[in-house]
Amino acid sequence: MSENNLNQYEGGPGGNGGPSGPGGNGSGGNSGSGKDPRKQNIIMFVIAALLSLLLVSSFVKLLTGDSEQEISYNEFIQMLEDGKIETVLIGTDRVYVQPKADKMPQSPVLYLYGMNSSVSYYTGKIEDDDTLTARLLEHGVEVKGQVADGTSAIISFLLSYVFPFILMWVLLSLLFRKMSKGGGPMGVGKSNAKVYVQRETGVTFKDVAGEDEAKESLQEVVDFLHNPGKYVKIGAKLPKGALLVGPPGTGKTLLAKAVAGEAKVPFFSLSGSDFIELYVGVGASRVRDLFKDATKNAPCIIFIDEIDAIGRSRDNKYGGGNEEREQTLNQLLSEMDGFDTSKGILVLGATNRPEILDKALLRPGRFDRRIIVDKPDLKGRVEILKVHAKDVHLDMSVDLDAIALATSGAVGADLANMINEAAINAVQHGREYVTQKDLFDAVEQVLVGKEKKDRIMSKEERKIVSYHEVGHALISALQKNSEPVQKITIVPRTMGALGYVMHVPEEEKYLQTKEELHDRLVSLLGGRAAEELVFGNVTTGAANDIEQATNMVSNMITRFGMSKRFGLMGLATVESEYLGGGARLTCSDRTAADVDTEIMETLKECYEEAKELLSGNRDLMDKLAAHLIEKETISGKEFMKIYRKEKGIPEPEEEDKENQGKADKEDVKSLGTPSDEDGTKKPEDGSIQDYSYSAKEGEGKDNPPQNDSGESHTTGRFSNASSDFFWNDKES
């Protein structure tokens, strides 16, 4: 887009409510419809006033009833001869008659409003005044003449009609102002944005960790708000908007609050759904009201969370066609083009579905920057744990690096939850400090749930589960590309796992080879292979293993180009990347059938390999299973000690003092074993036992397997924390 077009669009005659012109926003600019809202309000009040006047007249008529009745002149003469007339008022063209019997004391207020309870009569004047006066005096009737004075008539009209009209106008004005507070009836058009001043946010960049790149991009914006002169001097302009994109829980809202806290400016925070209401046009009204308030409080920051609620593409592919949402989006587009960046208004949006946003919203000039807020790496997770643990009393044995390594794929919200769960566990066990065991227990609690202590399995089921889990662990130990075993347990968990094997990597990696994925597949099928090899039968406990293995092979063939038959042909595409969406096949039905055949053949080959490995180490598998049945939970160190002893492999020795010191540090950790009241198991020599063990080279980060429905399925909660679960189908 040329600079001339930008200038015309921003500063054209139709930019801010004026008439339509070249480059403007059409008729009315921000008003949208081109009608003056003041005129609309005046018309509304006039209609309300006329209705009020009608109601007042009806009310007065209802009170007065038929107080004045017209009679013929003959009836008037007859009443006069019968002596029923008390007073007669002679007007210019009428004769007003007050009967004797109906004369009663009147209230002054009722008299002012013409609300007389007695009935009076009137008739047309036929005789001249002298003849009529003589006739009335002859019958002893009091005669009055009408004085020509317009003051009383004016007062009567004012009190009867004008005063109620003004009173009703004032009451309606107060009522509408009270209900709407400037946003229409019942406040439906009023912006719902929460306004935070600097002292109320209390969040700065020091409270945000693990997102250094995103912080760097936003710090430039903060510096622009603080020192606009040096940027304006060189010709730079403040970005109109920045879009924060990333998975849920990565800290997008926290980053926006940190920007406001650092910039020390008002912070308008609201969700995209706050604009949507039942009535069409309300969302657009709220957008106008929001930017109007922001202009009054400039410089300021507007933060719209879940902006995809109103910024969804108008294409029918993404659910377009909703009139209310489209009007709201159009108004947002108009406002973001209309406001002047020199005033210091910055719009921040957050979403985890950028692919469905309207292209007009994402173009430069509206959201100039797209800031990716992704899952933190190992260093980022350590920093996040430190931020959330700064107010928690930690034991000297706590090693946050080990926790960060065990939680690969976790986001900031997950890590904060783990720290809080660890603190709760420490309180429940009567401790004043959080230990390493509390943290690892919190990790497991998030992964697989709490221990299901009331679940009592039969002896035969315990044996089946033990061989199943040992099958996973033993194959991992026999392979060279597997992650080291951290823990094996057959204690049921609340999320449906009857047992599981936890693998914790020694380092974080971002790529996986075909051999590593192949070994992972063989390990996943090792549990079912052990069941068939030992018992000659299979159970439903391998359902989760089979699902993961199938998804992993599917990705290898359709996405990673690891198929012998299809080679480098891409057969699937990933959707909803930041929401864990899976792969959707982009091939024909015939090709999809061939993919299914290759998946089946690959799984069959890996299963036969798993059975071959376990059958060659049957004695070792029996001893490990017996030990697991006895202990219920064993650590990776115990597992590898038995493995090396049976294989005749000597225990590794430390090469130098530095490694020895590192091992001494590791020895203060406690994980996965029964403990005494203070949370650490004390052996006979009085030292603290090491229950965390990493004996082999392992891999950290792997691509999460995805099922054929397009949903990402991972073992445990985190996409990169590898664990082999023995699932109970009745609960899962």
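The values are calculated or read from the model by the stated rules, or taken from the named source; none is laboratory data. Predicted, not measured: the structure shown is a model, and the values here were computed from it. Ideal geometry is used to build each Cβ from the backbone, glycine not excepted, and the neighbour counts take in all protein chains shown. Note: areas computed on protein heavy atoms with side chains; ligands, DNA, RNA excluded. Shrake-Rupley method; radii C 1.70, N 1.55, O 1.52, S 1.80 Å.
In table form, for the structure just shown:
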read-out: Rg over Rh, two decimals, region 205-276 (C-alpha only, Kirkwood Rh); value: 1.00
read-out: Accessible area in the full protein assembly, largest first, 1.4 Å probe, for C587, C606; value: C587, C606
read-out: HN-Hα J in Hz across region 219-234 - Karplus 6.51, -1.76, 1.60, θ = phi - 60°, x for Gly and Pro; value: 5, 5, 5, 4, 5, 5, 5, 7, 10, x, x, 5, 7, 5, 4, 8
read-out: Accessible surface, 1.4 Å probe, highest first, among residues K252, K359; value: K359, K252
read-out: In Å², nearest 10: area of E70 left accessible to a 1.4 Å probe; value: 130 Å²
read-out: Scattering profile of region 420-486 at q = 0.28 Å⁻¹ [log10 I(q)/I(0), Debye over alpha-carbon scatterers]; value: -1.09
read-out: Length added when fully stretched, D619-D130, from 0.36 nm per residue minus Cα-Cα; value: 161.8 nm
read-out: For region 125-140, Karplus couplings with θ = phi - 60° (6.51, -1.76, 1.60), whole Hz, Gly/Pro x; value: 8, 9, 7, 6, 4, 5, 5, 5, 5, 4, 4, 5, 5, 4, 9, x
read-out: Amide H partners (placed H, <5 Å) of S271, local residues excluded; value: D305
read-out: In Å², nearest 10: area of Y607 left accessible to a 1.4 Å probe; value: 40 Å²
read-out: Global geometry of region 370-471, whether rounded, prolate or oblate, following the gyration tensor of its Cα atoms and the 1.5 cut on a/c; value: oblate
read-out: Long-range HN-HN contacts of V574 with modeled amide H, under 5 Å; value: R584
read-out: Over region 346-446, relative contact order from alpha-carbon pairs under 8 Å, at least 6 apart, %; value: 27 percent
read-out: For I85, residues with placed amide H under 5 Å, excluding near neighbours; value: K100
read-out: Under Karplus coefficients 6.51, -1.76 and 1.60, residue-wise ³J(HN,Hα) of region 542-550 in Hz, glycine/proline x; value: 8, 4, 5, 4, 5, 4, 5, 5, 4
read-out: Accessible surface, 1.4 Å probe, highest first, among residues E516, E632; value: E632, E516
read-out: Mean accessible surface per residue for region 339-492, computed with a 1.4 Å probe while every protein chain stays in place, in Å²; value: 40 Å²
read-out: Entries in K206/K359; K386/K514; K233/K379; K206/K509; K237/K296 that, when Cα-Cα distance is taken, lie over 30 Å; value: K206/K359; K386/K514; K233/K379
read-out: FRET efficiency for V232 and E323, using Cβ-Cβ distance with R0 set to 45 Å, rounded to 0.05; value: 0.65
